[in-house]
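The values are calculated or read from the model by the stated rules, or taken from the named source; none is laboratory data. Note that the structure is predicted; figures quoted are calculated from it, not measured. Cβ placement follows ideal geometry from the backbone for every residue including glycine, while neighbour counts extend to all protein chains displayed. Side chains are part of the model used for accessible areas, which takes the heavy atoms of the whole protein and leaves out ligands, DNA and RNA. Shrake-Rupley method; radii C 1.70, N 1.55, O 1.52, S 1.80 Å.
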Amino acid sequence: MTKPSPDPVYVLRGHKGSVITVNFVETIENVNLVSGSSHGELFLWNLKINRPEFKLSSSNGKEIIWTGCYGNTVITQERADSVKFWIKDESNWKVTRAVAAPGVGFCKCSLGNTSPLYLAYPDEDPTKVKILDVETNQEVATIQENIDENQKFGMCMCMKLLSTPLLEGKNLLLCGYESGSVTLWDWKNRKIISEMKCHSEPAICLDFDDCYRCQGISGSTDRALSLWELVQPNQLKIKQKVMVTNPGISAVAIRSDGKIVATGGWDQRLRIFSWKTMKPLAVLDYHGGSVEALQFSTSSIGRYPQLLAAGSKDGKISLWSLYNS
């Protein structure tokens, strides 16, 4: 007999639009959550009381499709508009600077985690990606596929900056493309190091474990999860494909301890797998709309060692405590 899906430990409500992005803001004092919606709402949640401390909005109600944070700064990506940097000023938040990002696609930014701090963001031309030095506010690179009629990748659909001592070399960027290919770029030298065809349809989400296994995972509009590894010298190699029940894998996240990986789908479900074996562990059936965003916390929150936040088209954010023992 199949076990019923467990309930989330808490559900955050308040967004009028689809929740497209969630991001834990972790400091020594607190762990909070930032979320953005299709209606241009930016909520900063106090997870001690599970209520929004601040409710902000984008310019002209533009969709907020990605959020990031470093130090006391929150970054938002407004679709077909700009990337904005927010800082708390006494009792309110204000935009301190903005970078034009007029692309109309749904490719989300990626923020590095080393110094100097870099931000990858989509160009107005959806085949291009720009790299920003966050500290100097200078654009330092623009990458684009080689113009080859026999090997066109199409639009960049998802990306992740890599920065880890496990990898040979720095300045690496993973990109998933409309063609279903995943590429590894040396963005500083503007060249592709490795490329592989992971999906028969567009690759729309990816994540990479650069702490434990040097392997990544990508999802597509089809039913396939593609598991791949980075072997020396910086070559991508497909390891395994896992088929899920329904098409449309819109979000994927690997927990920082390297134990589990979560996916979110158009079928409104979250799926949990062992990251070591890709054995299915759980199917979480709570939301009434497709799951658009996932993120694990790296710190404990209250009595929970780590939480998974899931944002959905139903306007809700579910919080889950999973396999923490």
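Just flag the GluC sites (Glu not before Pro) in region 8-46 sitting in loop per DSSP whose Cβ has no more than 14 other Cβ atoms within 10 Å.
Values: sites: E26, E29, E41; in loops: E29.
In loop regions of region 8-46 (DSSP not H, G, I, E or B), the sparsely surrounded GluC sites (Glu not before Pro) are E29.
Rounded, prolate or oblate: which fits region 202-325, taking a ≥ b ≥ c as square roots of the Cα gyration tensor eigenvalues, rounded meaning a/c under 1.5, else prolate when a/b beats b/c? Present the calculation step by step, with values, prior to reporting the outcome.
Numbers: a/c = 1.96, a/b = 1.20, b/c = 1.64.
The shape class here is oblate.
Can you list which of the trypsin sites (Lys or Arg not before Pro) found in region 219-325 are DSSP loop residues with at most 14 other C-beta atoms within 10 Å?
K276, R303
Tabulate in residue order the Karplus-calculated ³J(HN,Hα) for region 124-132, using 6.51 cos²θ - 1.76 cosθ + 1.60 with θ = phi - 60°, rounded to whole Hz; enter x for Gly and Pro.
Working through the residues one at a time gives 4, 7, x, 8, 10, 10, 10, 10, 10 Hz.
Show the residues, 5+ positions off or on another chain, whose built amide H is closer than 5 Å to the amide H of A251.
G264
Counting other Cβ atoms within 10 Å of each Cβ, which trypsin sites (Lys or Arg not before Pro) in region 3-99 have at most 14 and sit in a DSSP loop? Let's see the in-between values first.
Numbers: sites: R13, K16, K48, K55, K62, R79, K84, K88, K94, R97; in loops: R13, K16, K48, K62, R79.
Those that pass, being in a loop and sparsely packed, are R13, K16, K48.
Just need the relative contact order of the chain here, percent rounded to a whole number, with Cα pairs under 8 Å and 6+ apart.
Details: 926 pairs, mean separation 44.2, N = 325.
So the answer I get is 14 percent.
Quick query: amide H of F54 versus all other amide H atoms, modeled in the peptide plane; which residues come in under 5 Å with a sequence gap of 5 or more or a different chain?
L44
Roughly what % antiparallel, to the nearest 5, for the DSSP beta bridges in region 201-285? All intermediate terms of the calculation are to be shown ahead of the outcome.
On the way: 34 of 34 bridges.
Around 100 percent antiparallel, to the nearest 5.
Restricting the calculation to Cα positions, tell me the Rg (one decimal) and the Dmax (whole number) of the chain in Å.
My reading of the Cα-based Rg and Dmax gives 18.6, 58 Å.
Taking the Cα centre of the chain as origin, sum charge times position over the Cβ atoms of Lys and Arg (+1) and Asp and Glu (-1), and report the length of that vector in debye to the nearest 20. Can you show the working numbers first?
Working: 36 positive and 34 negative charges, 173 e Å.
For this selection, approximately 840 debye.
Pairs of alpha-carbon atoms within less than 8 angstrom and 6+ residues apart define the contacts here; what relative contact order does region 203-325 have, in percent? Kindly include the intermediate steps, with their values, before the conclusion.
Numbers: 317 pairs, mean separation 19.3, N = 123.
Computed over region 203-325, the figure is 16 percent.
First select every other residue whose beta carbon is under 10 angstrom from the beta carbon of L12; then total the charges, Lys and Arg +1, Asp and Glu -1. Intermediate values should be presented prior to the final figure.
Details: positive: R13, R51, K316; negative: none.
Around L12, the surrounding residues sum to +3.
Write down the accessible area per residue of the chain in Å², having rolled a 1.4 Å probe over the full set of protein chains.
Values: 14680 Å² over 325 residues.
Result: 45 Å² of accessible area for each residue.
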